[in-house]
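No value in this document is a laboratory result; all are computed from the given coordinates. In this text, all values refer to a predicted model and were calculated from it rather than measured experimentally. Every residue, glycine among them, receives a Cβ derived from its backbone with ideal geometry; neighbour counts consider all protein chains shown.
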Amino acid sequence: MLQGIFPVIPTLFTARNELDLAGQRRVIRFALAAGAHGLVFPGVASEYSHLSLPEREQLLALVAAETAGKVPLVGGASAPTANEVIAAGSIALKHGIRHLMIMAPVGLGADVAAHRTFFQQVAAGLPGAEIIKTTNFRQACAVLERARLAILPEGGLHHAAAAFGTAAIVIFGGYISPAQTGYAHHVN
C-alpha cells in the first residue's frame, strides 16, 4: 500500500524548450531530501501532454535511476486513448514502475459505459500494473481548504490553494512562468 507524501515531479525545460535533465535531477533529489515518501511522474504538472513517448521514456528512466528503489514510484500514463495509455504504461512497467496513475480522457464525458470500456481495455493491455484511482478535484480542494501549507506544482491545485487563502510553495517547471499564473502571496 502506498502511503505518505508523493509529489508530482514537474518536467523542466530549458530556455530552448528542450528537456532540462540536470534540472530534473535536482528536483528529484530535492523531493527525496525533503522527505517525500514516493514520487509521481509524469502527471498534469509534468506537462505530460506535451511529451512524446520517447521523452516520457527518457524522463521515467531518469526518475527510476535517481530514486534507485529508495522510494516507490507512481508512473503517470494518462493519454487521450486506451492504446496510448497502454503504450505509456508499458514504458513505466519497463522501468520497474508498477503503480500507474491514469485519468480518464476528457472526451469520454459523463458516459459511464465508455469509462468502463476504457479502463477495461487499459487493464487488459497492462497486466501486472496496479492502476491507482486519483482523488477527484473536490476531495483535493477539501484537503487544501484545511491545510496550513501546500507544496504544489503549477496547475489547478495551486489556483485552488490561492482561492482558499492557503499558503503555498509552487513549483514551476519552466513551460509556464510564475509571471503568467503565480500569486503574490505564494512562494513561486
**Q.** Length gained when the stretch Leu149-Arg29 is fully extended (0.36 nm per residue, less Cα-Cα span)
**A.** 41.1 nm
Q) For the chain, what is the calculated [θ] at 222 nm in deg cm²/dmol (nearest 500), taking -39500 (n - 2.57) for each run of four or more DSSP H residues and dividing by its residue count? A) -12500 deg cm²/dmol
Q: Quote to one decimal, in nm, the extra length available between Val112 and Ser177 on full extension: 0.36 nm per residue of separation minus the C-alpha distance between them.
A: 19.7 nm
Q. Hey, could you pull the Cα Rg and Dmax for the chain, both in Å?
A. 16.4, 47
Q.
I need to check one value: relative contact order of the range 84-154, counting alpha carbon pairs closer than 8 Å and at least 6 residues apart, in percent.
A. 37
Q.
Under the rule that an exposed site lies in a DSSP loop and has at most 12 other Cβ atoms within 10 Å, name the longest stretch of the chain with no trypsin sites (Lys or Arg not before Pro) of that kind, not counting the sites themselves.
A. 71-132
Q. Can you give the charge dipole size of the range 6-142 about its Cα centre, rounded to the nearest 20 debye, using +1 on the beta carbon of Lys and Arg and -1 on the beta carbon of Asp and Glu?
A. 340
Q.
Suppose we look only past 14 Å in the calculated P(r) of the range 70-141. What percent of the Cα-Cα pairs does that tail hold?
A. 58
Q. Say each of Lys70 and Glu18 gets a label point 7 Å from the Cα, pointing the same way as Cα to Cβ; how far apart are those two points in nm?
A. 2.8
Q) At a Förster radius of 30 Å, what calculated FRET efficiency corresponds to the Cβ-Cβ distance of Ala61 and Ala163, to the nearest 0.05? A) 0.20
